[in-house]
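One structure is given below, represented as structure tokens, and several questions about it will come after.
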Amino acid sequence: MLIVDAHQDLAWNMLTFGRDYTCSAFETRRLEQGGEAPLRNGDTLLGWPDYQRGRVALVFSTLFVTPGHRREAWETVYYHDFSQAHALYRAQVDAYHRLADQHPEKFRLVQSRADLEALLDHWEAGEQDIIKEKEPVAEQRRSEPVHQGHPVGLVILMEGAEGVREPAELEEWWRLGVRVIGPAWAGTRFCGGTREPGPLTKEGYALLEGMAEQGFVLDVTHMDEKALMQALDFYPGRIISTHANAHALLKDPDSNRHLSERAIHGLLARQAVMGVCPLNQFLLSGWKRGERRELVPLQRLVEHIDYICQRAGDARHAGLGSDFDGGYGVQSAPYEIDTVADLCKLVPLLEERGYPEMDIAAILGGNWLSVLREVLPA
Ligand SMILES: [Zn+2]
């Protein structure tokens, strides 16, 4: 079983806090102790050794830049105009290319079906070799860092599309390896977004047209419901939601951050996969950072997964989109989660809920892999 996580803001953390994701979460926490990163964003949940332990084979790694009007005073990666946005989004793409170039054994960009299959072969075929090699030298290696393992695949996702100055530029973003675009975070010139409701604009429709032409996947997370429903009608290409929960399970009537009943229904009609997000505030309304994590067991995430599966009538439409390190750290994650490796603790919880192994594998990663097999170019 492999885990695919459809949302992690790696580049934003690399450029804001200088985080080095080749290190373990434990090591990064040690290095950052007393510094800005744990204060602002919380202690990291991510690191290559943790991806290995949890068999997290692939991540949708985002390009994210804060719009100036929603920036907090300490934030350094933000924009006031679209050329600034363009440059900052571009810097994040470059950061992923550098990461993969400098550490090909640890991170790999996935831009085509061939890249995807090679990555999965590595995770599957390599397993025996690693176990075989490990046996005779297990003793001496115990205290050493992990030398062997698998590269983690990165599918680049642009969150909040204001780095795209005009639709004609989409070709360039595609060439740089971006495969998924979410037009909103806050409201953008393309459509309404979180806490800033509104429909798709004329520019939004033009963006979607250009995206479809190029073959991008549309991520509707953060789109206001009105814009989302319009996009479901209009967008001919593949649609997903990477990191939003079921609004019906939350007691937050004003929030447009999560998926309404109508949105879930529409997404299912479009065969979308929906990633659920294990941020405590998104699992227990009113929970705030600093409160007891025991109040939010991982079971609460299972409820959101189950909610989607019940509505779909199968397990083909639910997935994970953790958003780990995306504005929150371990302090705001469910009680049983210390790092990304603990996502595999969902397995026994889903078993208890009656999900067979095949369905659990689909939810933890298989459903995202099916989407990618369908949409990535040969
Ligand atoms: Zn987000």
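The values are calculated or read from the model by the stated rules, or taken from the named source; none is laboratory data. Small disclaimer: the values here were computed from a predicted structure and weren't measured. In this analysis, Cβ positions are derived from the backbone assuming ideal geometry, glycine residues included, and neighbour counts consider all displayed protein chains. We work out accessible area using only protein heavy atoms, side chains counted, and drop any ligands, DNA or RNA first. Shrake-Rupley method; radii C 1.70, N 1.55, O 1.52, S 1.80 Å.
Once you place label points 7 Å from the Cα toward the Cβ at residue 262 and residue 82, how far apart are they in nm?
Here the answer is 2.9 nm between the modelled labels.
Can you give the extra length, in nm with one decimal, that the chain gains between residue 98 and residue 338 once fully stretched, where that is 0.36 nm per residue apart less the Cα-Cα distance?
Length difference between fully extended and current span is 83.6 nm.
Here's another thing I want to ask about it. For segment 249-282 and segment 353-378, what is the centre-to-centre distance using only Cα atoms, to the nearest Å?
19
Here's something else I'd like to know. Once R0 is set to 56 Å, what does the formula 1/(1 + (r/R0)^6) return for the Cβ-Cβ distance between residue 310 and residue 90, expressed as a FRET efficiency to the nearest 0.05?
The pair residue 310/residue 90 has a calculated efficiency of 0.85.
Still on this structure, I have one more. Full extension from residue 195 to residue 353: what is 0.36 nm times the residue separation minus their Cα-Cα distance, to one decimal in nm?
Full-extension gain reported as 53.5 nm.
I've got another one for you. For residue 156, enumerate residues with amide H under 5 Å from its amide H, sequence gap 5+ or separate chain, H modeled in the peptide plane.
Distant-sequence amide H within range of residue 156: 61, 110, 179.
In nanometres, what is the gap between the two model label sites at residue 378 and residue 118, each 7 Å from Cα along Cα-to-Cβ?
1.8
Specify the angular offset, from 0 to 90 degrees and rounded to the nearest 10, of the alpha carbon long axis of helix 299-312 from the longest principal axis of the alpha carbons in the chain.
50
While we're looking at this one, here's another question. Can you give me the angle between helix 82-102 and the longest principal axis of the chain, using Cα atoms only, in degrees from 0 to 90, rounded to the nearest 10?
Its long axis makes an angle of about 20 degrees.
Using only the Cα atoms of the chain, what are the Rg and Dmax in Å?
Gyration radius and largest Cα-Cα distance of the chain: 19.6, 64 Å.
At a Förster radius of 30 Å, what calculated FRET efficiency corresponds to the Cβ-Cβ distance of residue 303 and residue 254, to the nearest 0.05?
0.90
Further question: What part of the accessible area of the chain, given as a whole %, is carbon or sulfur when the probe is 1.4 angstrom?
On the way: 7860 of 15600 Å².
C and S atoms contribute 50 percent here.
Still on this structure, please answer the following. Using only the alpha-carbon atoms, what does segment 196-341 span along each of its principal axes? Please give whole angstrom values in decreasing order.
Largest first, segment 196-341 extends 46, 32, 30 Å along its Cα principal axes.
Which ³J(HN,Hα) values, rounded to whole Hz and listed in residue order, are derived for segment 343-352 from phi using the Karplus coefficients 6.51, -1.76 and 1.60 in 6.51 cos²θ - 1.76 cosθ + 1.60 with θ = phi - 60°, glycine and proline given as x?
Rounded to whole hertz, the list is 4, 5, 5, 5, 4, x, 5, 6, 4, 4.
Let me ask something else about it. Sort 71-82, 34-45, 242-253 by packing, meaning the average of other beta carbons within 10 Å per residue, with the highest value first. Intermediate values should be presented prior to the final figure.
Numbers: 71-82: 12.8, 34-45: 17.7, 242-253: 19.5.
Sorting 71-82, 34-45, 242-253 by mean packing, highest first, produces 242-253, 34-45, 71-82.
Then there is this: Quick one: accessible area per residue over the chain, 1.4 Å probe, rounded to a whole number of Å²?
On the way: 15600 Å² over 378 residues.
Heavy-atom SASA per residue in the chain reads 41 Å².
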